[in-house]
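The values are calculated or read from the model by the stated rules, or taken from the named source; none is laboratory data. As the structure is a prediction and not an experimental result, all values here were calculated from the model. Heads up, the Cβs are rebuilt from the backbone with ideal geometry, glycines too, and the neighbour counts pull from every protein chain shown. The accessibility values were calculated without ligands, DNA or RNA, using every heavy atom of the protein model including side chains. Shrake-Rupley method; radii C 1.70, N 1.55, O 1.52, S 1.80 Å.
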Amino acid sequence: GAGVSQTPSNKVTEKGKYVELRCDPISGHTALYWYRQSLGQGPEFLIYFQGTGAADDSGLPNDRFFAVRPEGSVSTLKIQRTERGDSAVYLCASSSKGGGTEAFFGQGTRLTVV
Amino acid sequence: AQSVTQLDSQVPVFEEAPVELRCNYSSSVSVYLFWYVQYPNQGLQLLLKYLSGSTLVKGINGFEAEFNKSQTSFHLRKPSVHISDTAEYFCAVSANRGYNKLIFGAGTRLAVHP
């Protein structure tokens, strides 16, 4: 595709359930990022992948959050035992190189935990 | 650690008037600076960035920003706005040279009125 694709666009889940959010980066982009945007706030960094490996996961809030990128392209953000405070828009971005290059963002997945 | 402060949460302006969206940052190391725009129901789009060199940076859609190291500011300006500029604008910094670990401000909502 031409841009970063995220699915689903919306997800409603019950408290305590497990969810997976998917990100398809721009083809050929080796760097992939996940951010979380709460209502009225700017995006917050969660995790960075270079290729298949998570090079920086310092933004993951706790061990209920986990992300993978097994083949160096598609990534999945996984949230266990969801809580109402996890409700937010989860954004994925990809870029071709390192710092200073443009990060292209997807439209996000709006997660609502009820 | 880095932080970003966007001094105005909302900026109302009439069409064809000039506008300035203010951004201040804090960092103990040198940083890259970015402005992103988020139109309704769309992903974040890069407007412009400062990496080094000339402190006046020109971006897309007629926007420009000036890096002021002594005041640790990176204000965004446009001499004449259009209705279509109505959106949320985010200032961001990245201190890590290897990848785009972006730290975002809370955003400024620009509302252009006819």
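Worth pointing out:
- Pairing residues of region A:75-90 that are within 14 Å of A:Q41 (Cβ to Cβ) with residues that are open to solvent by 60 Å² or more (accessible area, probe 1.4 Å) and in a strand (DSSP E or B), at Cβ distances under 7 Å and at least 6 apart in sequence or on separate chains, gives A:V89/A:R110.
- Test: residue in region A:38-52 that is among the charged types (D, E, K, R), within 10 Å of chain B (Cβ to nearest Cβ) and touching a residue at least 12 places away in the same chain (Cβ under 8 Å): yes
- Restricted to strands (runs of 3 or more DSSP E) entirely inside chain B, those with at least 2 residues that are touching a residue at least 24 places away in the same chain (Cβ under 8 Å) and touching a strand residue (DSSP E or B) at 6+ places or on another chain (Cβ under 9 Å) are B:3-6, B:10-14, B:19-21, B:23-26, B:32-38, B:44-50, B:64-68, B:73-78, B:87-94, B:108-113.
- Filter result (more than 14 Å from chain B (Cβ to nearest Cβ) and crowded, with 17+ Cβ neighbours inside 10 Å) within region A:53-68: A:F65, A:A67
- Any hit, region B:71-94, residues being within 27 Å of A:S58 (Cβ to Cβ), open to solvent by 20 Å² or more (accessible area, probe 1.4 Å) and over 15 Å from the mean Cα position of the chain (by Cα): no
- Of all residues making up region A:1-22, the number that are open to solvent by less than 90 Å² (accessible area, probe 1.4 Å), in a strand (DSSP E or B) and under 29 Å from B:L110 (Cα atoms): 4
- Within region A:23-37, the set of residues being within 11 Å of another protein chain (Cβ to nearest Cβ), open to solvent by 10 Å² or more (accessible area, probe 1.4 Å) and either within 14 Å of A:F104 (Cα to Cα) or without any contact (Cβ under 8 Å) to a residue 40 or more places away in the chain (or both) comprises just one member, A:T30.
- Here is the figure for region B:40-63: residues that are away from chain A (no Cβ under 12 Å) and within 16 Å of B:L110 (Cα to Cα) total 3.
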